[in-house]
Amino acid sequence: MRMNTNMTMAKWEVIWKTMRDVVAGRDAVIEHDIVVCGGGFGSRDAIARPHLYAYVNPLGGQLATDYTSYLMRGNFFGATDRTINAFAGLIFAKEPEIETSGDFEDYLGDVDLQGTSARDFAQKLVYEELTVGRVGILVDYTTDNDGGRSYLSMFAAESIKCYRERFVKGAGKVLVFLELMEKYQDNDGKDCEQKRELSIDSDGYYLQRVLRIDNKTGVYIEVERFEPKINGKRMSRIPFYFVGGCEIRKPLLLDLAHTNLAHWRNDIELAHGLHFAAIPTFCITGHTQNDSDGKITIGGESAIVLSNPNAKAGFAEFSGAGLGSLRDRGDDLMAQMAALGSNVLSSERQANETLGGAELRTAGERGALTAIARDVGIALSRALTAMVSWALGGMDVTAEIELNTDFGAHRMDSQMLTALINGVNSGIIPMQVFVDNMRRGGIVGEGLSNDDYMAVIENEPPSTKPSNATLDNND
């Protein structure tokens, strides 16, 4: 799922902007196109500026108002956003498991000094990974919180500008330089942009520099410099953690987003065609306005009197197949979107498909989700450990968070259940395997332990109990 890393950052930013607009939905894609094409409307023959990328190009001869109406006729189907929310829902269908080597509730309940718990911070990271495929975590320290405290900051893909790594024997690749873009408020309360450079200096220690543009020269100049320390000792590592590694990756649902835009364009064309073709138009042949009083009315109790006996009146109606082709194209695109993004969401198996066959069919999507859940868990665990260690003066502590990777997408059917019960009764399948499969099939709830489940079975009539039902594991 990795793409050519030689692509310029500007091209990556176009990809990320596209993903964010498609996820945001109709208003965002319309606003983008109006902004992109707004400067191209100088005459009735104006079209979009060719060097800019619009999701839907104007038709020849459209003015800005015509183009806006053209866009507004279409219905945007939010397939990408729905898929991202459903994928994130699968990852957080079970609460993350957090293990620590100490009692850090105060820190894990507010990891960013804004009241965000470790669980909710993980959810934000998952959404970023699903949307653009790139996000990072900076562990930093503030002295503004009753004497000081370490905390986490999330940096989106667009804010991570460049980085350098160096191979260190025994440690592998180590981050030695990183440039981040962030917002600050000037003296007038206006939002401005600044650079934060994180680097390992010539002495091998971590250094932070903040740079802002000089209004006179237009050049970035240093305004702050920090030498972060733990217990008075300078740090030798940059505490920044990429989810899934430094390399830029193709967003998981980029193909779905492009298909979503193709469906959007198709729907606009269909709606535009219906706007002009669906309403019959009254037509008269063999007659001119001078042959009458200059006014002709139709409908209701009005009468049409034509002096020319050869004149004919009637309605012109659209009868071609073009709009039907657009409808068929829309159906095809809907099917493509389902194939690209929603197979893993379906709870229905195909005809004559076994539970195992259904799971194999959706293994690709579930595998990608598993990778994202693990990458987020690894990066956040490292960041949490660094945060807590820094907060406690460099103590040797650990904080690990593990996200759900059990995406059994299909519930167990009666055929599979019967086969399992027969396997237990015949002694072929151990009871432990039986219960594990019942959990995966969605029959045994997460809050029911194996002992509790066995107690329920023991209280049932004998004819329904699997024989030789014993468990070696109480989990």
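The values are calculated or read from the model by the stated rules, or taken from the named source; none is laboratory data. The structure displayed is predicted, hence computed values, not measured ones. Cβ placement follows ideal geometry from the backbone for every residue including glycine, while neighbour counts extend to all protein chains displayed. Please note that ligands, DNA and RNA were not included when accessible areas were found on the heavy atoms of the full protein model with its side chains. Shrake-Rupley method; radii C 1.70, N 1.55, O 1.52, S 1.80 Å.
Laid out as a table, the results:
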{"item": "Any pair with Cβ under 8 angstrom, 6 or more apart, that starts in the stretch 234-249 at a residue that is closer than 15 Å to Phe155 by Cβ and ends at one that is open to solvent by 30 Å² or more (accessible area, probe 1.4 Å) and assigned to a loop (DSSP other than H, G, I, E, B)", "result": "Ile248/Met3; Ile248/Thr5; Ile248/Met7"}
{"item": "Within the stretch 129-150, tally of residues that are free of Cβ contacts under 8 Å to residues at least 60 places away in the same chain and either open to solvent by less than 30 Å² (accessible area, probe 1.4 Å) or at negative phi (or both)", "result": "5"}
{"item": "Residue under evaluation Cys162, criteria (1) open to solvent by less than 10 Å² (accessible area, probe 1.4 Å); (2) at pLDDT 90 or above; (3) closer than 30 Å to Leu256 by Cα, criterion not met", "result": "(1)"}
{"item": "Some residue of the stretch 374-388 being surrounded by fewer than 17 Cβ atoms within 10 Å (Cβ to Cβ), under 17 Å from the mean Cα position of the chain (by Cα), at pLDDT 85 or above and of a type in the set (A, V, I, L, M, F, W, C)", "result": "no"}
{"item": "Search result, residues across the stretch 225-245 that are under 18 Å from Lys195 (Cβ atoms) and not in a loop (DSSP other than H, G, I, E, B)", "result": "Arg225, Phe226, Phe240"}
{"item": "Residues being free of Cβ contacts under 8 Å to residues at least 40 places away in the same chain, more than 25 Å from the chain's Cα centre (by Cα) and in a helix (DSSP H, G or I) - total across the stretch 85-110", "result": "2"}
{"item": "Selection status of Glu165, charged (D, E, K, R), touching a Cys at 6+ places or on another chain (Cβ under 9 Å) and in contact (Cβ under 8 Å) with a residue 24 or more places away in the chain", "result": "yes"}
{"item": "Any hit, the stretch 146-158, residues being in contact with a strand residue (DSSP E or B) (Cβ under 6 Å, 6 or more places away or on another chain) and among the polar types (S, T, N, Q)", "result": "yes"}
{"item": "Only one of Phe167, Phe155 that is crowded, with 18+ Cβ neighbours inside 10 Å and not charged (D, E, K, R)", "result": "Phe155"}
{"item": "Sole exception among (1) free of Cβ contacts under 8 Å to residues at least 40 places away in the same chain; (2) over 26 Å from Met19 (Cα atoms); (3) in a helix (DSSP H, G or I) for Asp120, by number", "result": "(2)"}
{"item": "Inter-residue pairs, beta-carbon under 6 Å, first closer than 19 Å to Glu165 by Cβ and touching a residue at least 40 places away in the same chain (Cβ under 8 Å) and in the stretch 196-216, second of a type outside the set (Val, Ile, Thr) and open to solvent by less than 70 Å² (accessible area, probe 1.4 Å), 6+ apart", "result": "Leu198/Leu178; Leu198/Gln208"}
{"item": "Cβ pairs under 6 Å, 6+ apart, first in the stretch 387-402 and under 14 Å from Ser101 (Cα atoms) and among the acidic types (Asp, Glu), second open to solvent by 50 Å² or more (accessible area, probe 1.4 Å) and modelled with pLDDT of 90 or more", "result": "Glu400/Glu99"}
{"item": "Those residues of the stretch 184-224 which are closer than 22 Å to Arg237 by Cα, open to solvent by less than 50 Å² (accessible area, probe 1.4 Å) and either assigned to a strand (DSSP E or B) or in contact with a helix residue (DSSP H, G or I) (Cβ under 9 Å, 6 or more places away or on another chain) (or both), in sequence order", "result": "Lys195, Arg196, Glu197, Leu198, Ser199, Ile200, Tyr206, Leu207, Gln208, Val210, Leu211"}
